[in-house]
Every structure is written in structure tokens, then in C-alpha cells.
Amino acid sequence: MRVATREDPRGNPLPFQNLNFLSSQFPQVWVRSPAQIQGETEKVVGFPVLRSKYRQPLKRLAFNQAPSDQQLREALGRRIPRATIQPVSAFMNALRFRLSPTERAGGRSARSGAKYINGASYNPAVLAALMNIFRIHYNWFETRQYTGNTATKSDTMSVKAGMTSIRVPGTNETILRPKIRETAPVQRTPAQRLGVDPVRDPNKTQAAPDPRRILYRPWLFHGTPLWKKFETR
């Protein structure tokens, strides 16, 4: 397990993370992933949100100090391969394509001057409100499948044995054959996949989540005194 660091012009080690995560409330140790999976190379993983039993001993380490506790190393080793920015990337792509006010300006260069986007929002408050509505709908109401290199058994379900038909190319004739697939992806929302929303009956109308919980709670402060203030207000 290798700790990730940067260097100043004189070659002295510096913390890898940016200023947002240099606060003492976050663990300062960032680790290089030993496995290059999910198309992400040279991946470095930090743990700003972690279970308390692992978070506290990790916070006691300096930014260039590798964990020596075997239990802590095993816990981080289980989480490092599953760390990915693909869900964030998928969300941003969906946001750009499906919400026209967030569309990027056309052209590959800024030399020709500012670009005009038909339907763009020029009031930042309006754009923020639209993005909040989209974020709640995307994370709490849109079910999708999650199967990839790090998929677990809970991400798939067994397929009943049976027969399927294949059409002979160029004819209307079909041939029956046994099903090959043994498992199928489970359709869940991101909130259900992360365990913050229980799996409900898809035939029933789903209630909207509490906007205060989704929009206004700073999740990076989870487990800190500031988080307790939000919980008790």
C-alpha cells in the first residue's frame, strides 16, 4: 500500500489532496490504487467519509505515513478497488445532454468570442434550482443497472431457466434454445444502491425524499461536530 504525495520545487513531500480536504477533520492519508480497473489509470483514493472505527485511526496518521494496522489496511484494501468517478461522470453527462441550460458553449476555441446558447439560463439561481430538481430525480427516482468490474452478488439476480427463440436470418423461422444467461442486472436507483434509500415495491408510488436531507446537508462533514449541529436543528 503506497501513500500518494506531491513534491514542492525543492523536492519536499506535500499532501496530495487539494485545499478542500486539507482540513484536520479529514484523514490526510491518500493511497495509490494498486489495480488499474474501470478504465481509470494512476488512480489515487482518499477517504473523507469513512466508518468511525476506521476513520479515527486513519486521522491520527500523517499525510505521508502508510497505515500499519492490519485491520485498517484490510478495510482500505476492500474500498480502494471500488472507488471510481464513473457515477459522477455518468451524472454530468446526463445533466449536459438532458438539461439544455447546462449545455456547453459550442466551438473548440475561445478565440471567436463568447457563444450564445438558445434556451440558456442567465440567472445562476434559476440554474441551481433546475440542477437540484434534476439531481433529486436522477438519484432517487431513476432506476438503472449497475454491473461492472466491481459488481457484487447484490447487483444481479438469478434468471429462471427456460427457453428462448432465435430467428433464422432472412426467414420467419425461429429456433428454440435454452437460455444461456444465468443472472440479470438489478434495476435500482443510486440512492438505493448506496443504502440511503430502502428498496420499495416498484408498483407503488414512491414518496419524494426530504429536500433538506438531500440538498442542504454537507455530507463531507459527516461524523464531525458541524454535522451534529445540522442533525439537531
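Throughout, read-outs are computed from the coordinates displayed, never taken from laboratory work. Please read all numbers here as calculations on a predicted model, not as lab measurements. Note that we place each Cβ from the backbone using ideal geometry, even for glycine, and neighbour counts take in every protein chain shown.
Using only the Cα atoms of the range 2-79, build the gyration tensor, take square roots of its eigenvalues as a ≥ b ≥ c, and label the shape rounded, prolate or oblate: rounded if a/c is under 1.5, else prolate if a/b is larger than b/c, else oblate. Write down the numbers at each step before the final one.
On the way: a/c = 1.63, a/b = 1.13, b/c = 1.45.
Here the range 2-79 falls in the oblate category.
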**OP:** Write out the GluC sites (Glu not before Pro) in the range 19-80 meeting two conditions: DSSP loop, and at most 16 other Cβ atoms within 10 Å of their Cβ.
**Re:** Glu40, Glu42
